[in-house]
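Remarks on the structure that follows.
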Amino acid sequence: GRSGRSGRSSLLLSYLIMDENYGSMDAERHGWPWDGFSIDEVQLPDENDDYGIPSDDDIEDDVQQIQRDTGFSCVVVVDNLPVVGMEKYEKLMNVLRKIFGQIGEVHPDGFYMPVDEAAKKTKGFAFIEFATPDQAKIARQQADGYKLDKSHTFKTNLLKEVEDLSATPDSYKEPEVKDFVRKDNLYSYMLDPRGRDQFAVRYQDMTEIHWNDPKTGTSEDVYSRSFWTESYVQWSPCGTMIATVHRQGAQAWGGEEFSRIQRFGHSKIQLLDFSPCEKYLVSYSSQESLNPRESATCLFNVFDVKSGQVLRSFTGKLEDFMVAGGDSKPVGANGLQWPVFKWCKDENDKYFARLAKNKAGKTMISIYQTPDMGLLDKKSLQMENVVDFHWSPKEAIMCVYQGEANSGNQPARVSLIEIPSRREIKSKNLFSVKDINIHWHPDGTYLAIQVARFTKTKKSSYNGFEFFRVKERDIPMEVLELQNKQEKIVEFAWEPKGHRFAVV
């Protein structure tokens with residue numbers, strides 16, 4: 001229990017008294033020389049003596065002190081602040097509280113702005129301590145370059161980074177040459193003589209990898225492991241890695257023996273998504289608010305797969321990321337559409353984008369470029385009534401769907417936008433639209449728009465198709481209407497290598 005030092009002395013005294021009473025009843029059996037013994041003559045240890053064993057309270061206090069003293073990863077140093085006198089000190093401090101309080105949770109005593117005692121003015125920088133290292137990293141990224149006014153632009157660093165720089169030795173020390181360690185061949189599965197594919201099976205606490213042989217209808221064991229993941233496993237798009245999910249983050253595995261390739265630190269991770277070329281990984285987690293009236297807080301981290309480093313983080317309220325439409329898959333009870341970020345499927349994972357809301361509440365498309373992870377041209381793509389968008393599977397072209405407006409007086413619209421120029425290369429107005437589905441050909445040569453239109457009475461709808469020949473000059477278009485307009489279209493699929501398609 002939580003007994004202090006005085007509690008230990010009292011407990012010892014109680015035991016001595018119990019032994020005295022018990023010994024008087026059965027002195028012969030115990031052999032204790034009770035004759036002439038007096039409890040008053042017993043010398044008890046000093047109550048401040050802990051006998052070399054610290055109490056639970058002491059241990060807890062020490063741990064808390066260590067966490068606060070060494071939590072440099074949680075502290076952000078904000079430089080290039082205005083140098084003000086003491087009469088404006090509290091006003092500047094309130095400005096900092098407002099700015100950084102919106103980014104993350106700051107300790108109650110987490111703001112410290114040094115003062116030059118001689119000049120009675122601030123020194124132009126401040127220290128801000130956040131609750132977790134992740135929040136401090138996000139604050140560092142989001143506040144760096146923030147313009148407080150025309151003369152003052154924030155420059156932010158983690159205190160851990162400043163400490164590391166100050167610990168750099170003055171004399172150069174040549175790094176040690178490490179022995180070569182052979183890495184597993186991530187493409188070893190492609191050397192299978194029979195050209196088979198692998199698949200993963202999970203049951204209870206076991207995860208198994210098998211070869212699939214479609215000719216014989218049998219499978220062959222490749223690898224198995226118990227407690228490999230805490231929730232699920234996910235293959236990378238090219239099949240070179242398989243990711244496992246844990247409380248501390250995700251891990252990627254691959255090669256002949258499925259050895260660990262990389263760790264991705266993200267506490268309480270829930271979802272992950274690889275970029276098409278497997279250069280980057282996006283992870284997601286959410287934290288419920290203590291206030292039942294407030295929505296959960298979301299955190300997205302974009303990792304470099306090779307280094308395992310976080311390149312950019314996105315955080316905000318859940319509703320900020322619930323701007324989605326089309327065939328994105330809803331995940332969980334909170335209704336979040338996944339993936340939130342859609343990757344351009346070119347050869348370099350050059351761009352990724354998401355739907356967002358501007359200050360006026362209108363939907364826009366925010367496009368980010370790699371590897372710096374900055375917003376393309378430092379501004380989002382503003383288009384009226386954006387509902388959804390889909391990247392071409394082969395090049396940096398996106399198909400954007402804009403819904404009807406003004407009670408149908410402004411028609412729906414499908415546009416092909418070239419990135420990064422943002423040039424509209426083709427568009428088509430659509431009337432009386434109930435819903436649409438976008439189907440790119442795997443080679444990016446064709447684009448099919450499946451359109452569900454209302455009848456004149458608005459009581460029912462019928463289906464048709466709009467086709468774009470993307471690779472041909474001026475992108476000609478064709479319209480296809482089904483013979484029986486009342487037939488419901490269940491599925492549409494392009495022929496992977498060809499010019500045909502199938503409709504169910």
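The values are calculated or read from the model by the stated rules, or taken from the named source; none is laboratory data. Note that the structure is predicted; figures quoted are calculated from it, not measured. Heads up, the Cβs are rebuilt from the backbone with ideal geometry, glycines too, and the neighbour counts pull from every protein chain shown. Ligands, DNA and RNA are stripped out before the accessible areas are found, and what is left, the full protein with its side chains, is counted by its heavy atoms. Shrake-Rupley method; radii C 1.70, N 1.55, O 1.52, S 1.80 Å.
Of the strands (runs of 3 or more DSSP E) lying entirely inside segment 223-289, the ones with 2 or more residues being hydrophobic (A, V, I, L, M, F, W, C) and closer than 27 Å to L318 by Cα are found at 233-235, 242-246, 271-274, 280-287. In segment 80-107, which residues are of a type in the set (D, E, K, R) and under 15 Å from K121 (Cβ atoms)? Result: E87, K88, E90, K91. Pairs linking a residue in segment 84-102 that is farther than 16 Å from F154 by Cα to a residue that is modelled with pLDDT of 90 or more and open to solvent by less than 20 Å² (accessible area, probe 1.4 Å), with Cβ atoms under 7 Å and 6 or more positions apart or on different chains, are Y89/T122.
Against the definition (among the aromatic types (F, W, Y) and closer than 21 Å to R182 by Cα), how does Y232 come out, yes or no? It is false that Y232 is among the aromatic types (F, W, Y) and closer than 21 Å to R182 by Cα. Taking segment 443-475 as the range and being loosely packed, with under 11 Cβ neighbours inside 10 Å and either more than 18 Å from E404 (Cβ to Cβ) or of a type in the set (D, E, K, R) (or both) as the test, the residues that pass are K456, K458, K459, E472, R473, D474. Checked against the criterion of being out of contact with any His (no Cβ under 8 Å at 6 or more places or on another chain) and closer than 30 Å to L290 by Cα, the candidates V84, V106 yield just one match: V106.
Has segment 430-449 got any residue that is aliphatic (A, V, I, L, M), in contact (Cβ under 8 Å) with a residue 40 or more places away in the chain, touching a Phe, Trp or Tyr at 6+ places or on another chain (Cβ under 6 Å) and within 16 Å of V470 (Cα to Cα)? Within segment 430-449, one or more residues are aliphatic (A, V, I, L, M), in contact (Cβ under 8 Å) with a residue 40 or more places away in the chain, touching a Phe, Trp or Tyr at 6+ places or on another chain (Cβ under 6 Å) and within 16 Å of V470 (Cα to Cα).
Of the numbered criteria (1) touching a Pro at 6+ places or on another chain (Cβ under 7 Å); (2) at pLDDT below 90, the one G217 fails is (1). Here segment 392-411 is the region considered, the condition is being of a type in the set (G, A, S) and surrounded by fewer than 21 Cβ atoms within 10 Å (Cβ to Cβ), and the residue that is nearest to A353 (Cα to Cα) is A396.
In segment 325-339, the residue that is modelled with the lowest pLDDT out of those that are of a type outside the set (A, V, I, L, M) and open to solvent by 70 Å² or more (accessible area, probe 1.4 Å) is D327.
Within segment 387-430, the set of residues being within 22 Å of D346 (Cβ to Cβ) and of a type in the set (A, V, I, L, M, F, W, C) comprises F389, W391, A396, I397, M398, C399, V400, V414, L416, I417, I419, I425.
For segment 120-134, indicate whether the set of residues that are more than 22 Å from T315 (Cβ to Cβ), surrounded by fewer than 10 Cβ atoms within 10 Å (Cβ to Cβ) and at pLDDT 90 or above is non-empty.
no
The lone criterion from (1) within 24 Å of K345 (Cβ to Cβ); (2) in contact with a helix residue (DSSP H, G or I) (Cβ under 7 Å, 6 or more places away or on another chain) left unmet by E256 is number (1).
Filter segment 412-430 down to the residues that are of a type outside the set (D, E), in a strand (DSSP E or B) and open to solvent by 10 Å² or more (accessible area, probe 1.4 Å), then identify the one that is farthest from Q369 (Cα to Cα). Among those residues, the one meeting the criterion is N429.
Just to check your reading of the model, which residue among K183, K160 is within 29 Å of T244 (Cβ to Cβ) and loosely packed, with under 15 Cβ neighbours inside 10 Å?
The conditions single out K183.
Residues of segment 207-219 that are farther than 19 Å from R194 by Cβ and open to solvent by 30 Å² or more (accessible area, probe 1.4 Å): E208 alone.
Within segment 295-327, the set of residues being touching an Asp or Glu at 6+ places or on another chain (Cβ under 9 Å) and part of a loop (DSSP other than H, G, I, E, B) comprises S295, A296, V305, A324, G325, G326, D327.
Does segment 485-492 contain at least one residue that is crowded, with 16+ Cβ neighbours inside 10 Å and assigned to a strand (DSSP E or B)? No, segment 485-492 contains no residue that is crowded, with 16+ Cβ neighbours inside 10 Å and assigned to a strand (DSSP E or B).
For the criterion of being over 23 Å from D273 (Cα atoms) and not hydroxyl-bearing (S, T, Y), L355 fails.
Exactly one residue among V479, V470, V503, V451 is out of contact with any Asp or Glu (no Cβ under 7 Å at 6 or more places or on another chain), at pLDDT 90 or above and over 20 Å from P393 (Cα atoms), and that residue is V503. Do the conditions hold for D435, that is, is it assigned to a strand (DSSP E or B) and open to solvent by 40 Å² or more (accessible area, probe 1.4 Å)? Yes, satisfied.
Give me a count of the residues in segment 340-390 that are outside any loop (DSSP other than H, G, I, E, B), open to solvent by less than 10 Å² (accessible area, probe 1.4 Å) and touching a Cys at 6+ places or on another chain (Cβ under 6 Å). Matching residues across segment 340-390 total 0. Of all the listed residues (V233, V222, V177, V245), the sole one being crowded, with 16+ Cβ neighbours inside 10 Å, more than 30 Å from F341 (Cα to Cα) and of a type in the set (V, I, T) is V222.
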